[in-house]
Amino acid sequence: MSHDPEQIRSFVAIELPEEARKGLARLRNELERDEHRFVKWVDPGGIHLTLKFLGNIPSKRVTEVTGAMEEATQGTSPLHLQISGLGVFPGLKQVRVLWVGIGGEVDKLSKLQRNIDSALAGLGFPKEERPFAPHLTLARIRQGASPSERRSFGELVDSTIFEEKYPVEVETVNLMKSQLTPAGAIYTRLSAVRLRP
């Protein structure tokens, strides 16, 4: 099958304010160690709060997807979130993922995510299987990392105090495009839907 050049790898997300990104970059600087080569950091400029991953879609569906997003966000007023807390998955002794949490109006956020999920299910995008757990991924541990390497990174995370709370005022939900390049992913906003009560 010939590759359709018009396929766009896309997802629905909330973009972070500059201040929050700078804060996450500072946190990364604090945690990044030369000896921890097995940690793969996410570029702070590319960290988003993903509400729905769509995968590859034909570019001509962007309008249709944006329409469904508009429908899903009707009646949702802007929401206040904040970045707070540091965590790992599945646990400090066997770290696979490092993340920061999202606090604030999380119930409202979850409802918004369910509405978007349902509206897009109407366009044939499969519904999310897993319950929505809002967080931002900061780093992933490479597959080949040994148990002691994972544990040593876990100890570093455990001893790091991260008490800052960065506000995230959500006024729009965006349809994003991600282009995977050798230098990392490049993100572009395809459309933005304004939240209005």
**Message:** Students often get this wrong: which residues of segment 31-48 have the backbone nitrogen under 16 Å from the point 7 angstrom along Cα-to-C-beta of E18?
**Reply:** 45-46
**Asked** Taking the C-alpha atoms of segment 51-117, how large are the radius of gyration and the largest Cα-Cα span, Dmax, in Å?
**Response** 15.9, 46
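Which FRET efficiency, nearest 0.05, do R61 and A25 yield, Cβ-Cβ r, R0 41 Å?
My answer for the efficiency is 0.75.
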**Message:** Compute for the chain: radius of gyration divided by Kirkwood radius, i.e. Rg/Rh, restricted to C-alpha atoms, rounded to two decimals.
**Reply:** 0.99
**Request:** Counting only C-alpha contacts under 8 Å and six or more residues apart, can you give the relative contact order of segment 137-191 as a whole percent?
**Result:** 21 percent
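Any idea how many Lys pairs in segment 7-194 come in under 16 angstrom at the alpha carbon, given 8 or more places apart or on separate chains?
For segment 7-194, qualifying lysine pairs total 7.
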**Prompt:** Of all trypsin sites (Lys or Arg not before Pro) in segment 1-85, which ones are in loop regions per DSSP and have a Cβ with at most 15 other Cβ atoms within 10 Å?
**Reply:** R33, R37
**Asked** What's the FRET efficiency of E163 with S110 using the Cβ-Cβ distance as r and R₀ = 25 Å, to the nearest 0.05?
**Response** 0.50
**Selected from H36, H48, H80 as most flexible by GNM, with the chain as the system and alpha-carbon contacts under 10 Å** = H36
**Prompt:** Relative contact order for the chain using alpha-carbon pairs under 8 Å, separation at least 6, rounded to a whole percent?
**Reply:** 33 percent
**Fill in**
In nanometres, the difference between 0.36 nm per residue of separation and the alpha-carbon distance of Q143 and E35 is 37.3 nm
**Message:** Please compute the modelled spin-label separation between T181 and E6, points set 7 Å along Cα→Cβ, answer in nm with one decimal.
**Reply:** 2.4 nm
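Every number here is computed from the coordinates shown, using simple stated rules; none is lab data. Because the structure is a prediction, the values reported are computed rather than measured. Neighbour counts are summed over all protein chains in view; Cβ atoms, including those assigned to glycine, are modelled from backbone coordinates with ideal geometry.
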